1. Mind checking whether some residue in segment 391-414 is part of a loop (DSSP other than H, G, I, E, B), under 23 Å from residue 577 (Cα atoms) and either within 16 Å of ligand 1 (Cβ to nearest atom) or modelled with pLDDT of 95 or more (or both)?
2. Sort out which residues of segment 499-546 are of a type outside the set (A, V, I, L, M, F, W, C), within 20 Å of residue 429 (Cα to Cα), modelled with pLDDT of 85 or more and outside any strand (DSSP E or B), and write them in order of number.
3. Any residue at all in segment 171-188 that's more than 30 Å from the chain's Cα centre (by Cα), assigned to a helix (DSSP H, G or I) and at pLDDT below 90?
4. Can you tell me which residues in segment 433-457 are hydrophobic (A, V, I, L, M, F, W, C), part of a loop (DSSP other than H, G, I, E, B) and more than 10 Å from ligand 3 (Cβ to nearest atom)?
5. When residue 468 is evaluated against the numbered criteria (1) without any contact (Cβ under 8 Å) to a residue 12 or more places away in the chain; (2) not in a helix (DSSP H, G or I), which criterion, by number, is the only one it fails?
6. So, residue 265, is that one modelled with pLDDT of 95 or more, part of a helix (DSSP H, G or I) and closer than 23 Å to residue 160 by Cβ or not?
7. Can you tell me which residue in segment 268-324 is surrounded by the fewest Cβ atoms within 10 Å (Cβ to Cβ), limited to those that are modelled with pLDDT of 95 or more and among the acidic types (Asp, Glu)?
8. Across segment 73-103, what is the total count of residues that are on the phi > 0 side of the Ramachandran plot, part of a helix (DSSP H, G or I) and crowded, with 17+ Cβ neighbours inside 10 Å?
Amino acid sequence: MPDPANTVLRVALPVPLARLFDYLPPPAMPENGHWIGRRVRVPFGKGELIGLVAAVGPPENPALTLKTVAESLDDAPLFSGELLDSLRWAARYYHAPLGETFATALPALLRAGQPLPETRAFAWRLTAEGSAAIARLRKNTATRRLAEKLQAHAVAEDRLDLEFLDWKAPARALAKRGLIERTAIVDPEVFAAETFSANPFPLNAEQAAVVEIVRAAIGRFQPLLLEGVTGSGKTEVYLQAIRECLARGRQALILVPEIGLTPQTLQRFRARLGVPVHALHSGLADGERSRAWTAMHRGEGRVLVGTRSAVFTPLPEAGLIIVDEEHDSSYKQQDGIRYHARDLAVVRAKALAVPVLLGSATPSLESLHNALAGRYAHLRLSQRAGVAKPPRVRVLDVRKRPLTHGLSKDVFDAIAACLQRDEQILVFKNRRGYAPVLLCHDCGWSAQCPRCDTPMTVHGGGRTLLCHHCGSRRSRPLSCPDCASLALQPQGFGTERLEEALAERFPDVPLIRVDSQSTRVKDGLEKKLAELGDTAGILVGTQMLTKGHDLPRLTLVCVVGIDEGLFSADFRAGEKLSQLLIQVAGRAGRAKLPGEVLLQTHHPEHPLLNTLLAGGYPAAAALELAQREAAQFPPYASMALLRAEAGNENDMKTFLREAREQFVANEAVVISAPMAAPMPRRAGKARGQLLLSSAQRGALQSALSDWLPRVGELKLARKVRWSLDVDPMDLY
Ligand code: ADP
Ligand code: ZN
Ligand code: ZN
């Protein structure tokens with residue numbers, strides 16, 4: 001027995017300090033050890049913080065007078081076992097404070113100290129009064145329809161979500177009159193039978209083979225890379241694998257990219273799995289998020305579909321983890337703790353001894369490299385499922401060709417022909433706004449963001465200037481500030497300007513712009529697409545359109561203006577561009593109608609484009625991998641980037657120099673000289689960085705563990721904003 005007088009709670013707090021904080025336990029103390037993983041409210045500075053007990057033991061410094069925990073918030077630990085271990089692992093690997101890692105892993109309400117929410121599923125049923133009154137309700141009203149729906153038996157809220165658009169208002173109205181009532185679902189099986197809908201079609205041979213391999217792997221750790229061309233039926237494979245996992249009484253976690261978790265995606269899972277499917281994404285209210293998390297924590301939730309942060313969901317009865325579109329860059333958190341959800345999914349799968357299925361039409365080079373090295377099993381779906389055929393790709397060489405609003409005659413003709421056939425078109429341009437630059441035709445002046453030294457994008461039909469880096473906004477000057485000329489011209493094309501040009505050319509055709517701006521409204525894009533339905537029309541957009549949006553009549557994809565991507569300095573540019581092109585092209589002809597892709601470029605001879613066209617993504621990936629190996633870039637080396645920014649450029653530079661000096665020279669790890677960031681100024685701050693790289697992950701990790709505490713002790717470390725990015729996605 002440890003001496004209680006000598007036992008303190010070592011608490012991880014959400015502060016940027018890599019240490020624990022000691023507190024005396026409150027008077028009522030549960031059995032020792034069981035403290036770990038519980039939330040506590042503790043006095044800190046002038047206020048209070050919510051933290052998590054990370055250890056129990058003797059105080060770090062016996063001479064200190066310790067404060068007492070104000071309140072213990074949980075009856076049982078929130079983190080334990082595998083998840084606690086995985087979070088500790090993440091904190092070590094990303095060199096992040098444990099307290100911040102715990103905070104990142106918790107939904108906002110739980111982080112703020114709220115109690116675990118109610119998680120039972122609910123259903124609605126008719127009361128006796130309701131049964132008697134139903135015939136008197138006015139016909140053809142939402143209330144009448146809802147009452148009729150509940151006539152035979154109670155219906156789960158999940159199910160109502162699927163079948164009634166707005167059932168909540170009529171439900172409230174009926175409940176107020178005592179005609180229907182809400183009831184907790186005691187036996188989910190009853191409802192499972194109803195929601196369950198069998199496979200709409202048999203799996204093809206390739207799909208069946210993959211499902212069989214996943215099935216055989218349930219019960220042990222096995223990373224599986226599923227490389228399946230767009231529309232090859234990967235989601236069908238997931239569904240079958242999840243059903244297998246459920247049948248064995250285990251939970252499944254499915255990660256999807258930020259923009260892929262559309263209402264249709266959820267609907268597809270809900271309709272096919274026959275159990276409540278929980279969702280976790282940024283569009284949900286805080287309460288819903290903490291409910292989904294808690295349901296999985298209690299084991300009541302069996303399936304969770306979520307975006308990046310869902311990788312931290314507790315899985316006490318884990319059976320399978322799936323990462324869809326595993327190459328997607330939204331899996332990497334770009335601030336705070338810069339974790340990669342795909343990588344953490346693999347780490348957790350290993351600790352949980354479950355298979356992890358990474359699916360993509362365009363796998364990341366990291367995962368391909370792991371497959372080549374034999375660490376991951378490499379599974380393939382080489383054909384589109386059902387009747388859909390791969391789209392035909394045509395390259396339009398527009399060198400010396402006249403362009404109207406950035407589009408060639410061939411593109412306009414193809415769009416017109418497609419509209420004639422009553423089909424839909426996607427014009428893809430990876431640039432939002434009206435035009436990327438505002439230029440003075442007389443003196444060459446261009447509008448720059450004064451805080452970032454980069455061109456400002458023209459927006460609002462040419463009326464405003466917006467910096468895409470810091471969000472600065474101002475109205476467009478009427479005349480050139482340098483020479484007073486009136487010849488200020490927007491240069492280049494963004495989605496807004498293309499929309500204008502297409503509307504002018506095809507005035508009577510429905511036109512939908514799809515970019516982060518036009519889709520900011522909740523479900524805005526969903527509503528617009530539903531409005532369009534099956535009628536002929538044009539979509540103009542950035543990469544917001546994903547496979548979560550089902551558009552069977554979309555047959556033509558015009559890719560315009562990808563040329564910037566061909567000459568980017570970013571070491572991942574080639575990989576990203578290949579993925580983007582294949583994914584966008586994959587939107588065409590996903591159903592019965594054949595698809596076509598037009599690629600308008602000034603660089604038809606570019607080796608990457610040629611490889612991509614001749615050999616598809618596998619060939620392009622092989623080319624990129626060879627280049628990465630030659631240059632010793634990831635996945636052939638591990639990298640970490642220390643970024644620093646400060647209002648005062650000298651502070652930033654001095655900090656980097658001193659940090660560099662703290663590094664103990666090491667044969668296995670290369671550290672760069674301090675250098676300016678590729679964007680040397682952003683939002684008025686000077687930015688610089690140090691790049692560390694090593695052929696051995698372990699060597700880099702131990703060098704970082706050794707070095708970072710000393711960096712943290714530098715005087716300037718308090719003045720300069722700095723952060724470490726392990727496995728950076730880009731060097732910006
Ligand atoms: P992916 O996830 O690979 O892009 P999906 O699973 O969304 O592909 O499938 C693409 C389309 O093909 C969907 O409409 C799906 O219903 C259909 N599909 C999938 N598998 C089959 C199959 N075995 N037979 C017929 N159609 C299928
Ligand atoms: Zn000028
Ligand atoms: Zn700016």
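1. Yes; the residues of segment 391-414 include at least one that is part of a loop (DSSP other than H, G, I, E, B), under 23 Å from residue 577 (Cα atoms) and either within 16 Å of ligand 1 (Cβ to nearest atom) or modelled with pLDDT of 95 or more (or both).
2. Within segment 499-546, 499, 500, 504, 505, 510 qualify.
3. First, pick out the residues of segment 171-188 that are more than 30 Å from the chain's Cα centre (by Cα): 171-188.
The next check asks that each one be assigned to a helix (DSSP H, G or I); those that pass are 171-176, 188.
Okay, now just the ones that are also at pLDDT below 90, so 188.
So far as segment 171-188 goes, yes, one or more of its residues are more than 30 Å from the chain's Cα centre (by Cα), assigned to a helix (DSSP H, G or I) and at pLDDT below 90.
4. At the first step, the residues of segment 433-457 found to be hydrophobic (A, V, I, L, M, F, W, C) are 435, 437-440, 443, 445, 447, 449, 452, 456.
Checking the rest, the ones that are also part of a loop (DSSP other than H, G, I, E, B) come to 443, 445, 447, 449, 452, 456.
Within segment 433-457, 443, 445, 447 meet the criteria.
5. Failing condition for residue 468: (1).
6. Values: modelled with pLDDT of 95 or more: no; part of a helix (DSSP H, G or I): yes; closer than 23 Å to residue 160 by Cβ: yes.
Here the answer is no, as residue 265 does not meet what is asked.
7. 317
8. Filtering segment 73-103 down to residues on the phi > 0 side of the Ramachandran plot leaves 81, 95.
Next cut, part of a helix (DSSP H, G or I) only: 81.
Now narrow it down to the ones that are crowded, with 17+ Cβ neighbours inside 10 Å: none.
Of the residues in that region, 0 qualify.
The values are calculated or read from the model by the stated rules, or taken from the named source; none is laboratory data. In this text the structure is predicted, and so the values were computed from the model without any measurement. Heads up, the Cβs are rebuilt from the backbone with ideal geometry, glycines too, and the neighbour counts pull from every protein chain shown.
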